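Engineer: Please see the structure below; I have some questions.
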């Protein structure tokens with residue numbers, strides 16, 4: 001691949017103000033000390049009975065909800081997961097002891113149903129009388145209205161939105177007050193936020209940027225790990241200096257806990273992610289460091305030169321995309337526990353490095369890119 005266009009020089013990590021990453025030595029053994037994960041500064045003691053809430057999580061069996069529900073249970077809340085029942089309600093996490101898992105799973109309740117069956121939602125939720133709702137998987141406002149109708153005395157509705165709602169801009173990072181895009185593929189989340197604003201309920205909306213970490217069902221870090229493990233070049237669009245931002249799932253879970261019962265979070269929107277930014281090339285090298293792989297070979301290409309059909313050649317939007325978490329830091333005391341290298345190491349050692357992943361490797365688009373590069377030389 002020597003003839004291909006290769007770049008190994010652009011900066012790895014950027015923060016605000018922008019700063020270079022000098023290269024960190026990663027020790028997998030350091031991650032082994034995190035076997036029982038507890039977020040820095042979180043209240044892990046069982047809450048007093050007066051503070052305990054009857055909490056409903058819409059979803060909760062995948063990724064974000066898996067970590068968030070554990071924190072809620074550790075804080076003494078009664079947690080019910082509303083799912084269709086197609087997946088196990090609980091699962092033991094890598095590094096979680098049998099005793100920890102048994103304690104958690106014994107305390108979680110399950111309400112089986114389809115959230116699109118609005119009559120069932122109204123009837124079942126009314127009977128339970130939940131204090132707080134965490135909506136992790138809601139995509140449309142029509143899915144939220146029945147919940148609000150069923151729980152007129154709801155103390156707080158906490159919603160998982162997305163930083164993808166922001167209108168593309170030359171002025172970055174995105175702040176919570178920035179213009180949003182009504183044509184965004186996340187327009188349903190925007191409409192939900194609008195519904196919450198006019199409903200009279202006490203609500204909080206969290207807008208994550210790119211989320212990564214163990215059990216990630218989106219091919220974010222996994223996309224890079226597959227290529228690194230196979231010893232393949234990593235194709236990256238453009239010059240590879242596009243700046244983006246990732247936040248660890250465990251830090252996101254902690255942020256969701258910090259808004260619970262927090263008066264400062266009432267009727268507020270918060271961006272949540274890591275505090276540093278990273279280039280596409282830098283992310284490739286960060287994944288290599290996290291997994292203990294050699295320095296990767298990076299091949300740049302022009303996406304306009306290819307017709308990939310319905311296949312996605314790269315897991316990130318080909319643009320600068322990052323958001324400020326200053327508001328969450330100020331209001332909530334939010335400080336990510338994981339920097340990017342630590343977080344990617346945690347993800348690799350507890351997931352991909354153990355041979356588990358969500359999607360099989362598919363190098364079809366890679367071969368198209370690399371084949372064209374070789375022919376053009």
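Engineer: Do the conditions hold for residue 110, that is, is it at pLDDT 95 or above, in contact with a strand residue (DSSP E or B) (Cβ under 9 Å, 6 or more places away or on another chain), surrounded by 13 or more Cβ atoms within 10 Å (Cβ to Cβ) and closer than 30 Å to residue 324 by Cβ?
Structural biologist: When the stated conditions are applied, residue 110 does not pass them.
Engineer: Is it fair to say residue 134 is at pLDDT 95 or above, surrounded by 17 or more Cβ atoms within 10 Å (Cβ to Cβ), farther than 12 Å from residue 56 by Cβ and touching a strand residue (DSSP E or B) at 6+ places or on another chain (Cβ under 6 Å)?
Structural biologist: Judged against the criteria, residue 134 is not a match.
Engineer: Condition first: modelled with pLDDT of 95 or more, surrounded by 20 or more Cβ atoms within 10 Å (Cβ to Cβ), under 22 Å from residue 299 (Cα atoms) and under 16 Å from the mean Cα position of the chain (by Cα). Can you find one or more residues in region 328-335 that meet it?
Structural biologist: Within region 328-335 (the criterion being modelled with pLDDT of 95 or more, surrounded by 20 or more Cβ atoms within 10 Å (Cβ to Cβ), under 22 Å from residue 299 (Cα atoms) and under 16 Å from the mean Cα position of the chain (by Cα)), the answer is no, since none of the residues qualifies.
Engineer: Tell me which strands (runs of 3 or more DSSP E) are completely within region 108-176 and hold 3 or more residues being touching a helix residue (DSSP H, G or I) at 6+ places or on another chain (Cβ under 8 Å) and touching a residue at least 60 places away in the same chain (Cβ under 8 Å), or say none if there are none.
Structural biologist: 132-135
Engineer: Could I ask something else about it? Can you list the strands (runs of 3 or more DSSP E) found entirely within region 177-273 that contain at least 2 residues being in contact (Cβ under 8 Å) with a residue 40 or more places away in the chain, under 19 Å from residue 139 (Cα atoms) and in contact with a helix residue (DSSP H, G or I) (Cβ under 7 Å, 6 or more places away or on another chain)?
Structural biologist: 203-208, 268-272
Engineer: Could you run through region 71-107 and say how many residues are in contact (Cβ under 8 Å) with a residue 60 or more places away in the chain, in a helix (DSSP H, G or I) and either more than 16 Å from residue 131 (Cβ to Cβ) or over 23 Å from the mean Cα position of the chain (by Cα) (or both)?
Structural biologist: Here the count works out to 2.
The values are calculated or read from the model by the stated rules, or taken from the named source; none is laboratory data. Predicted, not measured: the structure shown is a model, and the values here were computed from it. With ideal geometry, Cβ positions are generated from the backbone for all residues, glycine too; neighbour counts draw on all protein chains shown.
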